[in-house]
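A quick write-up on the structure given underneath.
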Amino acid sequence: MTRVDFYVLESSGPTSRLRCACRIAEKAFLLDHRIYIHAGSDREARAMDDLLWSFRGGSFIPHAVVTPHEVHGEAVLIGHDADNDPAETDLLINLADEIPMFFSRFQRVVEVVSEDKQSRESGRNRFRFYRDRGYDLRTHQLR
């Protein structure tokens, strides 16, 4: 069954969730995982793409922004369309307010929640969704 980890940030800056997603993606990449980052919009996907190049000096994470039905060989894929479902990935980092319909095929789902009101409320809704369906939930408070 899919394991769901919630990373709850104390900050609410404009890029705090994206920076956290970069750190998680980097760690997972170094452990040989294949990652799909599901953004809430095309704009957020492009911002994530840019940030993966520059979030930490010396870091290199091969990645690509995908559109529906494209095939990519990069270890980290970024998309926002509900039709995206990269078959060769095992970790989903969800940055969208909604849960993508294909979440359950992943071994692990990461939800990143920041301090701002909208992020907290949508995070609580996602948490209830997973909890009510019996998923293995873990919460990590980050400073």
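Within segment 31-46, one or more residues are charged (D, E, K, R), more than 25 Å from Asp132 (Cα to Cα), buried (at least 18 other Cβ atoms within 10 Å of the Cβ) and touching a residue at least 24 places away in the same chain (Cβ under 8 Å). Across segment 77-103, the qualifying residues are those that are over 17 Å from Gly40 (Cβ atoms) and modelled with pLDDT of 90 or more, and the one among them that is farthest from the chain's Cα centre (by Cα) is Asp90. If you filter segment 47-75 down to residues that are among the acidic types (Asp, Glu) and within 22 Å of Glu88 (Cα to Cα), you find that the one that is surrounded by the fewest Cβ atoms within 10 Å (Cβ to Cβ) is Glu70. Tell me which residues, restricted to segment 28-81, are acidic (Asp, Glu) and over 20 Å from Ser119 (Cβ atoms). Those that are acidic (Asp, Glu) and over 20 Å from Ser119 (Cβ atoms): Asp32, Asp49, Asp50, Glu70, Glu74, Asp81. Taken residue by residue, segment 121-143 has at least one member that is in contact with a strand residue (DSSP E or B) (Cβ under 9 Å, 6 or more places away or on another chain), in a loop (DSSP other than H, G, I, E, B) and more than 21 Å from Ser41 (Cβ to Cβ). May I ask you to list the residues in segment 114-134 that are buried (at least 17 other Cβ atoms within 10 Å of the Cβ) and closer than 19 Å to Gly13 by Cα? Matches in segment 114-134: Ser114, Ser119, Ser122, Gly123.
Counting only residues that are within 22 Å of Arg124 (Cβ to Cβ), in contact with a helix residue (DSSP H, G or I) (Cβ under 8 Å, 6 or more places away or on another chain), in a helix (DSSP H, G or I) and of a type in the set (Gly, Ala, Ser), segment 1-30 holds 1 of them. Assess whether Glu111 counts as being modelled with pLDDT of 95 or more, surrounded by 12 or more Cβ atoms within 10 Å (Cβ to Cβ) and of a type outside the set (S, T, N, Q). Considered against the rule, which asks whether it is modelled with pLDDT of 95 or more, surrounded by 12 or more Cβ atoms within 10 Å (Cβ to Cβ) and of a type outside the set (S, T, N, Q), Glu111 comes out as yes.
Please determine whether any residue of segment 50-67 is in contact (Cβ under 8 Å) with a residue 12 or more places away in the chain, small (Gly, Ala, Ser) and within 27 Å of Arg143 (Cβ to Cβ).
Of all residues in segment 50-67, those in contact (Cβ under 8 Å) with a residue 12 or more places away in the chain come to 51-52, 55-56, 59, 61-67.
Still in the running and small (Gly, Ala, Ser): 59, 64.
With the extra rule that they be within 27 Å of Arg143 (Cβ to Cβ), the set shrinks to 59.
Within segment 50-67, one or more residues are in contact (Cβ under 8 Å) with a residue 12 or more places away in the chain, small (Gly, Ala, Ser) and within 27 Å of Arg143 (Cβ to Cβ).
The values are calculated or read from the model by the stated rules, or taken from the named source; none is laboratory data. Here the structure is a predicted model, which means the values were calculated and not measured. For neighbour counting, all protein chains shown are included, and Cβ atoms are generated from backbone atoms with ideal geometry for every residue, glycine included.
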